[in-house]
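Colleague: Can you read through this structure? Questions will come right after.
Only the coordinates and a few stated rules stand behind these numbers; no lab work does. Since the model is a prediction, treat every value here as computed from it, not as a measurement.
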Amino acid sequence: MGDSASNDICAFLKDCFDSRKVGDAWVKEVLDYLVPRAAGMFIRATTAADFLLVNPEARFDSLKRDDDTKGLNNLHSLYLTVIKTSFGGALRGEIKAITSVVGATIFAKQPLDDTVLMRLPGLESLQMLKFIKKGLMSVIDSGSIFRFHHRSFEDFLLSPSFLEDLPKFFGIHDRSLHERQLAVLCLNTMVSSELHFNMCDLKSSSIKNADISATDKFTISPLI
């Protein structure tokens, strides 16, 4: 089972890197390094592959440096490398925005779309949200719905070791802060024009719930 999984991971990674126009020698080095450390776990392989999508040579060197001290066999160390590389030099305003988005995603208990995230404290512009998404691209889904690939990343963010290594992101652990921010968003939505009669713009009151399309339902804000 282990050999089969490793072979699948090797094929997956090779396909990923072959399409990125990097040298064959570099691809072989990366495969020789990552495949055994993935230990048959695709979440490690996919996270590493997505992490190396941008500036692959430099980021691969970063992975190896962290491996010397943390051990890449530990999935949390891979996540730590992702955060440190993307946000290690984040400024105060950026930290506030990152904390708001990540905290809301954890404690809302449901995926949030861009329109909701843009109303969070610290998100003054769409560029800030794009900055956060780009930094987390290896651990989140693409598209307008913000969700983590795997529960293990959420566990990492809430772990004591995360705060030990990145204390400036202590606000992510503040559950009451994020629940209060989400409650304020809900209340603001309830008193706005977004909440109105016939939310789905149905043509007739006789239409049953089963007849309402998914598109119609998506017109309703998740904050309502």
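Colleague: For segment 92-190, compute Rh as the Kirkwood radius over C-alpha pairs and then the Stokes-Einstein diffusion coefficient at 20 °C and 1.002 mPa s; write the answer in µm²/s, rounded to an integer.
Modeller: Values: Rh = 13.7 Å.
Answer from the Stokes-Einstein relation: 157 µm²/s.
Colleague: May I pose another question? Stretched out fully, how many nm does the piece from F170 to S6 gain, at 0.36 nm a residue minus the Cα gap?
Modeller: Details: separation 164, 0.36 × 164 = 59.04 nm, distance 3.65 nm.
Extending this stretch completely gives an extra 55.4 nm.
Colleague: Can you pick out the pairs among K14/K133; K28/K130; K28/K134; K133/K168 whose Cα atoms lie more than 22 Å from each other? Kindly include the intermediate steps, with their values, before the conclusion.
Modeller: Working: K14/K133 25 Å; K28/K130 32 Å; K28/K134 27 Å; K133/K168 19 Å.
Check vs 22 Å cut-off fails for K14/K133; K28/K130; K28/K134.
Colleague: While we're here: Could you derive backbone 3J(HN,Hα) for segment 41-53 from the dihedral phi with the Karplus parameters 6.51, -1.76 and 1.60 (θ = phi - 60°), listing whole Hz in sequence and x where the residue is Gly or Pro?
Modeller: Values, residue by residue: 9, 5, 4, 5, 5, 5, 5, 5, 4, 5, 5, 7, 5 Hz.
Colleague: Right, here's the next one. Amide H neighbours of D113 under 5 Å, counting only residues 5+ apart in sequence or on other chains, H built in-plane at 1.01 Å?
Modeller: Hits under the 5 Å cutoff: F146.
Colleague: For segment 1-128, just say rounded, prolate or oblate: build the C-alpha gyration tensor, square-root its eigenvalues into a ≥ b ≥ c, call rounded for a/c under 1.5, and beyond that prolate if a/b exceeds b/c, oblate if not.
Modeller: prolate
Colleague: Quote the Stokes-Einstein diffusion coefficient, in whole µm² s⁻¹, for segment 2-73, based on the Kirkwood radius over alpha carbon pairs, a temperature of 20 °C and a viscosity of 1.002 mPa s. Don't jump to the answer; show the numbers that get you there.
Modeller: On the way: Rh = 12.1 Å.
For these conditions, the coefficient is 176 µm²/s.
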